[in-house]
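The values are calculated or read from the model by the stated rules, or taken from the named source; none is laboratory data. Given the structure is predicted, the values throughout are model-derived calculations rather than measurements. Cβ placement follows ideal geometry from the backbone for every residue including glycine, while neighbour counts extend to all protein chains displayed. We work out accessible area using only protein heavy atoms, side chains counted, and drop any ligands, DNA or RNA first. Shrake-Rupley method; radii C 1.70, N 1.55, O 1.52, S 1.80 Å.
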Amino acid sequence: MQKPHFLELSRENYKEFCKNIGLPKFRAEQISDWIFRKNVRSPEDMLNLSKELRSKLFTSLDWHLPEIVSKLDSDDGSTKLLLKNSEGRSIETVILRYENRISLCVSSQVGCKLACDFCQTGKLGFVSHLSKADILAQLYLANLQLAGEGKRISHVVFMGMGEPLDNYDNAIGAANTMIDEDHFNLAARHVTVSTSGIAPKIDDLSRDSKASLALSLHAARDDLRTRLMPINRKYPLAKLKQSLLSYQKVTNRKITIEYILIGGVNCSLREAKDLIRFIQGLKVKVNLIPFNSHPGMDFDRPSDEEIRSFQKHLSDRSVPAPVRYSKGLDVSAACGQLAAKFSSDLHESPARYRLLQKEKHLGEASPL
Ligand code: SAH
Ligand code: SF4
């Protein structure tokens, strides 16, 4: 039988575990304190436990954590970690530092089946689902990285590699564990699951989790959205809207709409009008994200004028839509740039890679 992973057990589970082997409750508190507050990697480091208990813990649970293969710091303070799990798969996770919070962008799959035309992960194709433990380990290892600075991750976004709702049980299970006060205890509104729009799973999500929802919309007209995101053929906008409406009926929570602005493709007045029409009747927050270009892709960043006029059309209709510039561009850690398989040169020779990336992005990230 497969052993439970140490990150999947709650404080309550640890109490049960101790009870079953005849140990007092306070031992369970010591164990969960080591895990959830002090971020230890193994029972060997749980110094106030007897040798016997440490060895019992060691043999009863799965203590595997992905290995940190490399760590790349961006000039803007974000850090991309390349991890390798026990199956030898590469996982990317990105620590994003803001003035008042530290977010972690986690991956839910290696690659992605959904093949959005503009996304580097989509170009990779599907490689594998990540287990719940591998998703939680990204948060655990990020906290370990930050421990030296006396900091912790305060926000998690499922915006790394993969489609979380296509790996529903593991991704939503991990999101719920992150929120559970008996586990990682993050605020539910600080854990955001981003989806390309798997409508029936949005219905499930409204019942199964308190995590926040972000929808990657990117176009609000079926022909254009299907061109950019093939999933739209299966779940077209009318169906998607229905799911969002019922999600809101059940949860009464605001939904974040992510809209990438791709130069000359989806950011003219016509598309701004489509967007206004689509969000009618929904409580949303719209984020505009200038497209991050990468080699071999036909799409371009929008011009400043395209961004400005799209944003103005929305704000004139009382839809505030901040422009969010991706972090980590210089180390390919920005939205849509995660594709571990192709970034081996980055991790083998970070300095050279960063130089190449800088040349590529020169002049691209100028704020409005
Ligand atoms: N599969 C999920 C979550 C991962 S993608 C989803 O699609 O929502 C995370 C976000 O990055 C999505 O909003 C996605 O559309 C966006 N993204 C993908 N490629 C991008 C690019 N080149 N530039 C900017 N954002 C991109
Ligand atoms: Fe998959 Fe999201 Fe990329 Fe689309 S945008 S290919 S759903 S990771």
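Name the pairs whose Cβ atoms lie under 8 Å apart, with the first residue in region 92-115 and in the same structural domain as ARG189 (by TED's automatic domain parsing) and basic (Lys, Arg), the second within 16 Å of ligand 2 (Cβ to nearest atom) and outside any strand (DSSP E or B), and 6 or more positions between them or separate chains?
Final answer for the pair search is LYS113/GLY125; LYS113/GLU163; LYS113/ASP166.
With the requirement that a residue be closer than 17 Å to LYS285 by Cβ, in contact with a helix residue (DSSP H, G or I) (Cβ under 6 Å, 6 or more places away or on another chain) and part of a loop (DSSP other than H, G, I, E, B), what does region 198-230 give you?
ALA211, HIS218, ALA220
Which residue is surrounded by the fewest Cβ atoms within 10 Å (Cβ to Cβ), if the candidates are limited to region 281-302 and must be more than 16 Å from ligand 2 (Cβ to nearest atom) and charged (D, E, K, R)?
Out of the qualifying residues, it is LYS283.
Name, by its number, the condition in (1) touching a Leu at 6+ places or on another chain (Cβ under 7 Å); (2) farther than 15 Å from HIS183 by Cβ that does not hold for HIS64.
(1)
Quick check on region 169-193: of everything there that is open to solvent by 10 Å² or more (accessible area, probe 1.4 Å) and within 16 Å of ligand 2 (Cβ to nearest atom), which residue is nearest to GLU29 (Cα to Cα)?
ASN170
Report yes if some residue within region 228-241 is open to solvent by less than 60 Å² (accessible area, probe 1.4 Å), touching a Ser or Thr at 6+ places or on another chain (Cβ under 6 Å), hydroxyl-bearing (Ser, Thr, Tyr) and in the same structural domain as LEU114 (by TED's automatic domain parsing); otherwise report no.
Within region 228-241 (the criterion being open to solvent by less than 60 Å² (accessible area, probe 1.4 Å), touching a Ser or Thr at 6+ places or on another chain (Cβ under 6 Å), hydroxyl-bearing (Ser, Thr, Tyr) and in the same structural domain as LEU114 (by TED's automatic domain parsing)), the answer is no, since none of the residues qualifies.
Where in region 74-134 are the strands (runs of 3 or more DSSP E), entirely inside, with at least 3 residues that are surrounded by 17 or more Cβ atoms within 10 Å (Cβ to Cβ) and within 13 Å of ligand 1 (Cβ to nearest atom)?
90-97, 109-111
I'd like to know if region 163-185 contains one or more residues that are farther than 27 Å from GLU99 by Cβ, at pLDDT 95 or above, part of a helix (DSSP H, G or I) and touching a Pro at 6+ places or on another chain (Cβ under 6 Å).
Yes, that holds for at least one residue.
Report, by residue number, each residue of region 88-133 that is out of contact with any Cys (no Cβ under 8 Å at 6 or more places or on another chain), of a type in the set (S, T, N, Q) and within 12 Å of ligand 2 (Cβ to nearest atom).
Across region 88-133, the qualifying residues are SER107, SER108, GLN109, GLN120.
With the structure loaded, tell me whether ALA137 is open to solvent by less than 10 Å² (accessible area, probe 1.4 Å), touching a Pro at 6+ places or on another chain (Cβ under 9 Å) and at negative phi or whether it fails that test.
Considered against the rule, which asks whether it is open to solvent by less than 10 Å² (accessible area, probe 1.4 Å), touching a Pro at 6+ places or on another chain (Cβ under 9 Å) and at negative phi, ALA137 comes out as yes.
Given the residues LEU57, LEU49, LEU7, which is the only one that is in contact with a Pro (Cβ under 8 Å, 6 or more places away or on another chain), modelled with pLDDT of 90 or more and within 21 Å of LYS132 (Cβ to Cβ)?
LEU57
Among the numbered criteria (1) in a strand (DSSP E or B); (2) surrounded by fewer than 20 Cβ atoms within 10 Å (Cβ to Cβ), which one does GLU305 miss?
So GLU305 meets the others, but not (1).
Those residues that are within 12 Å of ligand 2 (Cβ to nearest atom) and closer than 18 Å to CYS267 by Cβ, I need them from region 204-231; list them, please.
Listed by number, the residues that qualify are LEU215, SER216, LEU217, HIS218, ARG225, LEU228, MET229.
When only residues in region 244-280 that are in contact with a helix residue (DSSP H, G or I) (Cβ under 7 Å, 6 or more places away or on another chain) and among the polar types (S, T, N, Q) count, which is surrounded by the most Cβ atoms within 10 Å (Cβ to Cβ)?
ASN266
Does region 2-33 hold any residues that are of a type in the set (Ser, Thr, Tyr) and assigned to a loop (DSSP other than H, G, I, E, B), and which are they?
SER10, the sole residue that qualifies.
Each row is one residue, and each column tells you yes or no for (1) of a type outside the set (A, V, I, L, M); (2) within 16 Å of ligand 2 (Cβ to nearest atom); (3) over 26 Å from SER128 (Cα atoms).
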site: ASN143; (1), (2), (3): yes, no, no
site: LEU146; (1), (2), (3): no, no, yes
site: PHE158; (1), (2), (3): yes, yes, no
site: GLY197; (1), (2), (3): yes, yes, no
site: ILE202; (1), (2), (3): no, yes, no
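Sort out which residues of region 41-73 are open to solvent by 40 Å² or more (accessible area, probe 1.4 Å) and assigned to a helix (DSSP H, G or I), and write them in order of number.
Residues satisfying the conditions are GLU44, ASP45, LYS51, GLU52, ARG54, SER55, LYS56, PHE58, THR59.
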